[in-house]
Amino acid sequence: MTFIQLTDVDLVYGSGSNAATADTLAVSSASISVEQGEFVSVVGPSGCGKSTLLKLIAGLVRPSRGSVQVDGRNVQAPLKTVGMGFQNATLLPWRNVRDNVMLPLEIVEPYRSRQKQDRDKNIERAETLLTTVGLSGFGGRMPWQLSGGMQQRAQLCRALIHEPSILLLDEPFAALDTFTREELWSVLQELWLFRKCTVILVTHELREAVYLSETVHVMSSRPGRIIKSSSVGLSRPRTLESTFQPDFVELVHDLRHHIGRGKQT
Amino acid sequence: MTRNSIDRLAPWLTGLGFVVVWWLVIVMFGIQRYILPTPWETLNAMYTFRGPLFTNGLATLATTLIGFGIAVVVGMILGIIVGSSRLAYRALYPLLVAFNSVPKAALVPIFVIWFGAGAVPAVVTAFMLSFFPVVANVATAFATIEPELLEVMRSLGASQSDMTIKVGIPRSLPYFFASLKIAITLAFVGSVIAEIVAGNSGIGNVMLVAGSNFNVPLVFAALFVVGAMGVGMYAIFDFVERRMTGWSVRGSNMMQHVGGG
């Protein structure tokens with residue numbers, strides 16, 4: 001069942017009222033469909049409008065042309081059922097890790113109006129989530145006491161605590177070293193296998209995309225279009241060992257080839 | 001002597017050095033006491049006139065704190081408005097800068113016409129001098145919130161007031177307290193100016209009267225009282241700042257207690 005559907009979407013940045021900020025076409029005739037519970041990656045050269053795609057789905061920007069539908073409805077305003085993660089962990093530095101993770105519960109209904117009664121339950125929920133990403137015992141720490149990888153783990157918890165139906169990740173592991181990154185692939189895979197929410201991951205790391213996704217979409221350079229969609233048939237759960245299998249390497253190689261072509265056009 | 005105790009003694013040593021230089025200058029150039037009194041004469045005047053200095057000092061402290069208090073509230077509100085909306089920034093900021101560029105001393109006579117002589121012009125002048133740094137700092141804090149953080153909040157469906165309360169205000173606190181330390185010292189300047197021009201009490205008034213009687217040691221004693229009050233208030237806000245926004249000064253000494261991780 002199609003859950004997220006972008007049809008022929010254009011997005012133009014800039015108001016066009018003055019010449020200095022000439023309109024930039026960030027995304028052009030992008031069409032993409034994502035199944036409920038699917039893990040999808042979008043890869044492409046930098047500046048190709050990958051992040052814009054996430055903003056469109058989240059309803060943070062409106063398409064200049066075409067339609068964005070989630071669960072059969074047109075996206076008119078920011079969706080409240082998404083969790084987002086970025087390259088910067090963007091944790092609030094004045095809150096400890098647990099309170100950072102619990103932030104969505106203070107905003108999203110129905111949790112918001114039940115905050116006081118459910119305080120203990122929410123803390124437990126945050127701690128459970130922190131444990132699943134390997135941060136048990138770190139709830140009381142302040143964000144700056146955590147390493148970059150740990151901050152990203154905490155950010156994943158914040159993105160998931162209100163049980164969103166869609167998780168949007170914008171190069172969440174790009175700033176991490178290779179070992180930490182690969183460790184977090186398996187954390188994210190586990191979270192997804194367990195929760196089965198729909199995930200859209202924007203990345204420029206092809207191995208990451210193949211490791212984690214059911215489908216990988218390749219975007220051309222700006223203005224971004226989807227030039228190739230490959231499904232990844234590898235069995236779950238995938239391990240680091242799988243990344244050295246011939247069919248994995250084959251897929252990565254093939255994607256690399258398409259990105260190269262996308263740059264030329 | 002440990003590094004820590006040098007740290008603690010440093011401000012007192014520079015203060016002492018200042019007094020020594022002051023004294024040396026008088027001795028070396030043979031300056032008359034009605035031009036520049038010695039530190040001792042100043043101290044003496046402070047003791048002789050301790051009564052008037054105390055009551056007038058309190059009066060100045062009161063007008064300063066009232067003007068400063070209003071400046072903090074107004075500054076915070078204006079700062080939030082100017083910092084949260086680009087339109088408000090464009091609309092209000094030039095006016096605020098223009099307002100701040102006007103020499104406040106020149107406005108005191110106008111305040112006297114409006115409010116009469118006395119405490120009110122001092123309060124208004126203290127307010128006028130001290131609200132701008134608060135506005136500017138709070139506005140900067142609000143305007144520099146990471147865009148990703150706003151996206152996280154918006155994607156959760158946060159309202160403008162959610163963003164202000166949960167992100168904007170806590171994030172602006174370090175900027176806010178930094179501005180308080182500047183604002184309180186400016187507030188003293190404001191109320192003393194107003195008292196000199198049109199006061200019937202306060203440290204400024206003491207200075208005016210003492211000056212016209214050529215009692216220069218008393219003028220200096222009065223200046224010292226203002227300076228001491230300024231340092232005192234500064235220290236209080238510095239202390240409050242450390243307590244409230246420890247997360248923003250994650251530096252050296254906090255790190256040692258909790259360790260890395």
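The values are calculated or read from the model by the stated rules, or taken from the named source; none is laboratory data. The structure displayed is predicted, hence computed values, not measured ones. For neighbour counting, all protein chains shown are included, and Cβ atoms are generated from backbone atoms with ideal geometry for every residue, glycine included.
When the range A:189-240 is examined, which residues are found to be in a helix (DSSP H, G or I) and closer than 14 Å to residue A:258 by Cβ? Within the range A:189-240, A:206, A:209, A:210 meet the criteria. Taking the range B:100-156 as the region of interest, the helices (runs of 4 or more DSSP H) fully inside it that hold 2 or more residues being of a type outside the set (Ser, Thr, Tyr), more than 15 Å from the chain's Cα centre (by Cα) and within 14 Å of chain A (Cβ to nearest Cβ) are B:147-155. If you go through the range B:157-168 and keep only what is more than 17 Å from residue A:57 (Cβ to Cβ) and either more than 10 Å from every other protein chain (Cβ to nearest Cβ) or crowded, with 17+ Cβ neighbours inside 10 Å (or both), you end up with B:158, B:160, B:161, B:162, B:163, B:164, B:166, B:167, B:168. Restricting the search to the range A:149-188, which residues are part of a helix (DSSP H, G or I), touching a strand residue (DSSP E or B) at 6+ places or on another chain (Cβ under 9 Å) and either within 12 Å of another protein chain (Cβ to nearest Cβ) or more than 26 Å from residue A:33 (Cβ to Cβ) (or both)? Correct list: A:152, A:155, A:158, A:159.
Within the range A:130-148, residues that are more than 9 Å from every other protein chain (Cβ to nearest Cβ) reach partners that are of a type in the set (Ser, Thr, Tyr) with beta carbons closer than 8 Å, at six or more positions or on different chains, in the pairs A:130/A:136; A:148/A:180.
Restricting A:70, A:75 to residues that are within 17 Å of the chain's Cα centre (by Cα) and buried (at least 18 other Cβ atoms within 10 Å of the Cβ) narrows the list to A:70. Regarding residue A:76, is this residue more than 9 Å from chain B (Cβ to nearest Cβ) and under 19 Å from residue B:151 (Cα atoms)? It is true that residue A:76 is more than 9 Å from chain B (Cβ to nearest Cβ) and under 19 Å from residue B:151 (Cα atoms). Taken residue by residue, the range A:2-12 has at least one member that is outside the structural domain of residue A:135 (by TED's automatic domain parsing), crowded, with 20+ Cβ neighbours inside 10 Å and not β-branched (Val, Ile, Thr). For the range A:80-111, which residues satisfy the criterion of being facing chain B (nearest Cβ under 7 Å) and within 30 Å of residue A:8 (Cβ to Cβ)? Matches in the range A:80-111: A:80, A:82, A:84, A:86. The single condition from (1) in contact (Cβ under 8 Å) with a residue 40 or more places away in the chain; (2) buried (at least 17 other Cβ atoms within 10 Å of the Cβ); (3) touching a helix residue (DSSP H, G or I) at 6+ places or on another chain (Cβ under 7 Å) that residue B:208 fails is (1).
Regarding the range B:57-79, can at least one residue be identified that is surrounded by fewer than 16 Cβ atoms within 10 Å (Cβ to Cβ), under 29 Å from residue B:139 (Cα atoms) and more than 24 Å from the chain's Cα centre (by Cα)? No, the range B:57-79 contains no residue that is surrounded by fewer than 16 Cβ atoms within 10 Å (Cβ to Cβ), under 29 Å from residue B:139 (Cα atoms) and more than 24 Å from the chain's Cα centre (by Cα).
Among residues that are away from chain B (no Cβ under 11 Å), farther than 30 Å from residue A:204 by Cα, of a type in the set (Lys, Arg) and part of a loop (DSSP other than H, G, I, E, B), residue A:121 is not included.
When residue A:95 is tested against the conditions (1) among the basic types (Lys, Arg); (2) more than 20 Å from residue A:149 (Cβ to Cβ); (3) assigned to a loop (DSSP other than H, G, I, E, B), the lone failure is (2). Can residue B:42 be described as surrounded by fewer than 17 Cβ atoms within 10 Å (Cβ to Cβ) and closer than 23 Å to residue B:228 by Cα? For residue B:42, the condition - surrounded by fewer than 17 Cβ atoms within 10 Å (Cβ to Cβ) and closer than 23 Å to residue B:228 by Cα - is not met.
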